[in-house]
Amino acid sequence: MDAYDEEDGMSERWTIGEFSRITHLSIRTLRRYHEQDLLVPAQVDPVTGYRYYTPGQVRPALTIKRLRELDLPLADLRSFLEAESGRTGEVGEAGSSAAQQIVATHLRRLEDRLGRTQRAVQALRELLDPEAQRAVSLEVLPPQHVLAVSLDVPPGADLGWYDAAMNDLDAAAGSRPVVPPGGRYEHALFTDGQGRATVYLPAEAPLSPSAPATVKPLQLPQRAAAVATHYGPHDDLDLTYAAIGSYVAHNALRSSNLVEEIYLVGPRDTDQPDRWRTLVAWLIDSDADRSS
């Protein structure tokens, strides 16, 4: 460790080797941080090119290491460092808040990714377990009066169409008691990525004249269906569909062109996906259902 003139802003300086031993960051990594403008040495000798670091750079170096281990993109990392140092023009609490927001946003992304990974692992374990089976039963759904929005979902569409339909249904329902919404979907919506969809909200009262034009009253008939309740997020909804479809095929039932989902507990009810419950009803072509 070398003494250094305090007029230059450093009372002590460390060579890159010393700094590497202190931080447990390899010399190669420190050089890369310098090249990427993430951690610039406090001084670079213009003759020898030797890099020197100060004690005040230990914490930033280790912070950068952790953020890179958490796969924070370089652009976000630079924004974080700029906010921390005040180079963005924000100083004090404002700069610190901006920096923390960058990290908080990334941590939420990591938590979402971790949740998806955990659910994928659970689904894989179920698939690898020959004894694991999801309960499916044959039921008759009663007739029901609903407010509905029907549309043709185009190829490549995201779920914005569902959100728009629910917004219109909520506007039409007004202050009526909250009841589980549902949807009727052509199988082509899943097999071809496009098809007819009807999103609905049960309602007995007449449709208000002020309701959005997209909302129409609809009488759902009595219908037979192979039914299963899906528990939790929709990441592994395909496993429930597979169980129902296998049941339909195994029992030589004649499948209708529609599947119905009823969102018994969903995002409208709780922000905890593990508590979601979705009733999936694979409609069966029968004398009672042929008029639907």
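The values are calculated or read from the model by the stated rules, or taken from the named source; none is laboratory data. For clarity, every value in this text was computed on a predicted model and none was experimentally measured. No Cβ is skipped: glycine too gets one built from the backbone with ideal geometry, and neighbour counts run over all protein chains shown.
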Strands (runs of 3 or more DSSP E) lying entirely in the range 136-237 (those with 3 or more residues that are on the phi > 0 side of the Ramachandran plot): none
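ALA171: within 24 Å of VAL265 (Cβ to Cβ) and loosely packed, with under 15 Cβ neighbours inside 10 Å, yes or no? Before you say what the answer is, go through the steps one by one.
Values: within 24 Å of VAL265 (Cβ to Cβ): yes; loosely packed, with under 15 Cβ neighbours inside 10 Å: yes.
Here the answer is yes, as ALA171 does meet what is asked.
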Subset of the range 28-37, residues within 18 Å of TRP14 (Cβ to Cβ) and of a type outside the set (Lys, Arg), comes to THR29, LEU30, TYR33, HIS34
Quick one: which of GLU84, GLU111 is in a helix (DSSP H, G or I), more than 30 Å from GLN272 (Cα to Cα), modelled with pLDDT under 95 and outside the structural domain of LEU237 (by TED's automatic domain parsing)? GLU84
From (1) of a type in the set (Val, Ile, Thr); (2) touching a residue at least 24 places away in the same chain (Cβ under 8 Å); (3) in a loop (DSSP other than H, G, I, E, B), pick out the condition that doesn't hold for VAL259. (3)
Any residue that is assigned to a helix (DSSP H, G or I), farther than 24 Å from GLN100 by Cα and either charged (D, E, K, R) or at pLDDT below 95 (or both) - is there at least one of those in the range 33-54? yes
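Would you point out which residue out of PRO73, PRO60 is free of Cβ contacts under 8 Å to residues at least 40 places away in the same chain and surrounded by 14 or more Cβ atoms within 10 Å (Cβ to Cβ)?
It is PRO60.
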Residue list for the range 127-150, filter: farther than 22 Å from SER255 by Cα and either within 22 Å of the chain's Cα centre (by Cα) or among the aliphatic types (A, V, I, L, M) (or both): LEU127, LEU128, ALA132, VAL146, LEU147, ALA148, VAL149
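Here's the yes/no breakdown for (1) under 26 Å from GLY156 (Cβ atoms); (2) of a type outside the set (D, E, K, R); (3) at pLDDT 95 or above; (4) in contact with a strand residue (DSSP E or B) (Cβ under 9 Å, 6 or more places away or on another chain):
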| site | (1), (2), (3), (4) |
| --- | --- |
| SER208 | no, yes, no, no |
| ASP238 | yes, no, no, no |
| ALA243 | no, yes, no, yes |
| ASP269 | no, no, no, yes |
Given the residues ALA172, ALA165, which is the only one that is modelled with pLDDT of 90 or more, among the hydrophobic types (A, V, I, L, M, F, W, C) and under 27 Å from the mean Cα position of the chain (by Cα)? ALA165
Give just the number: which of (1) closer than 25 Å to ALA120 by Cβ; (2) touching a residue at least 12 places away in the same chain (Cβ under 8 Å) does LEU159 not satisfy? (2)
Among residues of the range 129-142 being exposed (fewer than 11 other Cβ atoms within 10 Å of the Cβ) and at pLDDT 85 or above, the residue nearest to LEU70 (Cα to Cα) is ALA135
Six or more apart or on different chains, Cβ under 7 Å: which pairs go from a residue in the range 80-107 that's acidic (Asp, Glu) to one that's in a helix (DSSP H, G or I) and modelled with pLDDT under 90? Could you list them? GLU84/GLY95; GLU84/ALA99; GLU90/ALA83; GLU90/ALA98
